[in-house]
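Following: one structure in structure tokens, then a few remarks.
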Amino acid sequence: MRATLRYASIITSALALALAPPAHADHARADGAGQLVYERDFPDPDLLQEDDVQYAFATNSGGTNVQVATADSPDGPWQPRPDALPHPPAWVGPDEHGLRNIWAPDATALPGGNGYALYFSGHNPNLGRECLGAATAERPGGPYTPTSPEPLLCARGEVIDPHLFVDDDGSRYLLYKQVVGRTATIRMQSIGADGITPRGDPIELLRADRPEEARVIEAPTLVHRPEGYVLFYSANGFKSGHYFTNYATSPNLRGPFTKAPGALLSGPEPRDPGGQDVTSDRLVFHGDLARPGQARGLFTTPLHWNGLTPVLG
């Protein structure tokens, strides 16, 4: 979902073109694919609300490591703010194209009023792949200071797209995408109350196992409902013309998760909708503003629930 599409083979992508997912009727998707609320390059949006202010964070663009914008409502109007991560940690460096690839930031409040944590993906030139990092700040908009000169989490293959989930009992879990072989998975790592200490071993929650996904699932967003857990994800290549958002459900936090059929949100307007986040009453996501793989604006659509089924519009 970033600067380059790395994981789908030519054969698999060709098959995905023929099997592009339709919207499934049970999802009751919105009339149209959402409202454009921030018309600038703002990929992989993450929302945090504090003191009636909405903070939106996004993948690096325009010389900014972690973009930040604020508004009174998820529907805007949004105003850009200073870089949330002006000084990345020492392990983040340029890739073969000279890019630092600081992707998909996720911000959360730490317990006990102890400030805020920001999770992000960054390129580790020593390993030649992406890892996850963490930073903290006293204010939700930053500036955030790295917690360590070393990554928070690296693993076999690349790990990107962190998402911090806090369960009803206060336990914290970091979800992320990991590529195993040529197939993407969604994994979950228990994290201590400090927001930066991994506990135990990660577990796999979901795997790209459908032709229309083209071996790519990413951008996990986990929600706890009274009936169980809902795991939103994006699938296929972010600039393929067949990128889409879907969800999977489970009665238990650790799964197994069952994918809903079809797609919750797909194109053509906007093209390639994904990288989603969820608020109490909104699904927020990015979609192409112009040419595929170029600028991706911020969109929102109303979100309601029928048990474990998200209803858009």
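Quick look at the values:
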| quantity | calculated |
| --- | --- |
| Cα Rg, Dmax, the range 223-276, angstrom units | 12.3, 36 |
| Residue order, fewest to most beta carbons within 10 Å, for Lys177, Lys259 | Lys259, Lys177 |
| The chain - Rg (one decimal) and Dmax (whole number), Cα, Å | 17.7, 51 |
| Most mobile listed residue (His224, His163, His123) in the chain, GNM with C-alpha springs under 10 Å | His224 |
| For the chain: relative contact order, % (alpha-carbon pairs under 8 angstrom, 6 or more apart) | 19 percent |
| Exposure proxy ranking, count of Cβ atoms within 10 Å, fewest first, for His242, His304, His286 | His304, His242, His286 |
| Per-residue Cβ neighbour rank within 10 angstrom, fewest leading, Cys154, Cys131 | Cys154, Cys131 |
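Every read-out reported here was derived from the displayed coordinates using simple, explicitly stated rules and does not represent laboratory data. Here the structure is a predicted model, which is why all the values come from computation and not from measurement. Cβ: placed from backbone, ideal geometry, glycine included. Neighbour counts: every protein chain shown.
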